[in-house]
Amino acid sequence: MNTSILVTGGAGFIGSHATVVLQQAGYQVVILDNLCNSARSVLDRIERITGTPPTFIQGDIRDAQTLDGVFASHSISAVMHFAGLKAVGESTQVPLSYYDNNINGSVQLLSAMQRADVRTFIFSSSATVYGEPSILPIPEHHSRSATNPYGHTKLVVEDILENLYNSEPGWRIARLRYFNPVGAHPSGLIGEAPQGVPNNLMPYVAQVATGQREKLHVFGNDYDTPDGTGVRDYIHVMDLAEGHLAALRYCEAAQQDMLTVNLGTGEGYSVLDMVRAFEAASGRPVAYEITGRRAGDIASCWADTTFAEQKLGWKAGKGIKEMCEDAWRWEMRQSVKD
Ligand code: NAD
Ligand code: UFG
């Protein structure tokens, strides 16, 4: 039997792009997703891009029976774990759901992997674990802290992985700390589809450009940054997906290892830089109003990418122009019925 990569949360934003990249690199993919934040139609879109439908199992990572069934019926060689909840604000309102999905879900998944003797694991961590940065660009050895339940779940799972790695031989683990993933597949067939009012900058900007929303609220212009607005390291989701492939290959080549890597571009752009880039890409105006700071926001955050380049031989190649053009193509195609 040919082996497959199990992609949890593979119907979601980042997991769907990783699935495309994996399939195009010759891997077979099994997606496990409960569709709590995604739609089944993504699977057809993936097939349209790659020519191959991923195997899909609708199920929950917290369900041990489902997990054992997945490992029993497919020959899984590695797991990419994207499934989880990710809204910072929501995590303060329903913390137990976040601890259950993100921490308990990861424990259930790792336990099922142990039972099935699968020990290669790629984890979606986040630059949120750096808290308020004391060094820019941020290196992986920067101190970690969490200011909200979502961030805390990432810290805890990172620690669980370290404990697991130290507890028994044979694990090959990559803890990937994403900076700000944006953009979409260049076909415009898959992308980010937040439900309700977008929490994140770029989906909100896109909806202002289409006229779905009146204006962007820029959360503060009194930060210690060149134009006073928050600066972030936006990374194209296709580059991010390629980073996962590089991490998988690294793990496959190792006897055992655990590495922790930033996935960012190493460049910081302000909110207003992104507004202007989106206006240029879309040819539409993006109205905005400066409002107060958002609680919990930091001024600036961008990655030190040296370690990723050295260790994985991976470097992000796409700039903000491409991020905005691809996001815009996706935004436009969403209104097209197919
Ligand atoms: P997403 O919500 O688009 O995708 C997550 C997928 O997981 C969804 O399809 C959802 O239906 C599924 N899912 C959630 N809980 C599940 C469960 N219990 N069982 C099975 N499936 C479940 O999110 P995304 O942006 O693709 O993020 C993927 C991962 O990357 C998450 O772990 C997130 O915390 C992490 N991350 C995202 C960002 C970002 O800005 N998008 C930044 C850093 C880290
Ligand atoms: N912003 C606005 N208006 C908005 C939304 C955002 O001005 O409507 C600003 C923010 O204040 C910030 C920047 O745009 O300066 C980016 O904000 P996002 O919400 O898009 O992203 P964050 O950097 O706050 O957080 C994101 C994810 C986190 C993740 C973090 C690092 O939401 O889960 O990136 O990877 F941890």
Checklist entry - Going by alpha carbons, how many degrees (0 to 90, nearest 10) lie between the helix axis of 201-210 and the longest principal axis of the chain? => result 60 degrees
Next on the checklist: Below 23 Å, Cα to Cα, which lysines can K154 reach? Residues fewer than 8 away in the same chain don't count.
Outcome noted: K86, K311
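Under 37 °C and 0.692 mPa s, how fast does the range 29-139 diffuse according to Stokes-Einstein, given a Kirkwood radius computed over C-alpha pairs? Answer in µm²/s, whole number.
The estimated diffusion coefficient comes to 207 µm²/s.
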Next on the checklist: If each DSSP helix of 4+ residues adds -39,500 (n - 2.57) and the sum is divided by the residues in the chain, what number results at 222 nm, nearest 500 deg cm²/dmol?
Outcome noted: -12000 deg cm²/dmol
Item to check | Acute angle (nearest 10 degrees) that the helix 320-334 long axis makes with the longest principal axis of the chain, alpha-carbon atoms | outcome: 80 degrees
Checklist outcome for this item: V271 neighbourhood, Cβ < 15 Å, K/R = +1, D/E = -1, net charge -4
Item to check | On Cα atoms only, tilt of 41-50 relative to the major axis of the chain in degrees | outcome: 80 degrees
Checklist entry - What order do you get for 199-209, 228-238 when each peptide is scored by the mean count of other beta carbon atoms within 10 Å, highest first? => result 228-238, 199-209
Next on the checklist: At 7 Å along Cα-to-Cβ for each site, give me the label-to-label distance between N199 and T52 in nm.
Outcome noted: 3.4 nm
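Under a Cβ-only charge scheme (Lys and Arg +1, Asp and Glu -1), can you give me the dipole magnitude of the range 243-300 about the Cα centre, in debye to the nearest 20? Walk me through the numbers before you get to the answer.
On the way: 5 positive and 7 negative charges, 31 e Å.
Around 160 debye, computed over the range 243-300.
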Next on the checklist: Give me, ordered by chain and number, the residues 5 or more places off I76 or on other chains with an amide H under 5 Å from its own placed amide H.
Outcome noted: S4
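Every read-out reported here was derived from the displayed coordinates using simple, explicitly stated rules and does not represent laboratory data. Being a predicted model, the structure only gives us computed values, none of them experimental. Every residue, glycine as well, gets a Cβ built from its backbone with ideal geometry; the counts of neighbours run over all protein chains shown.
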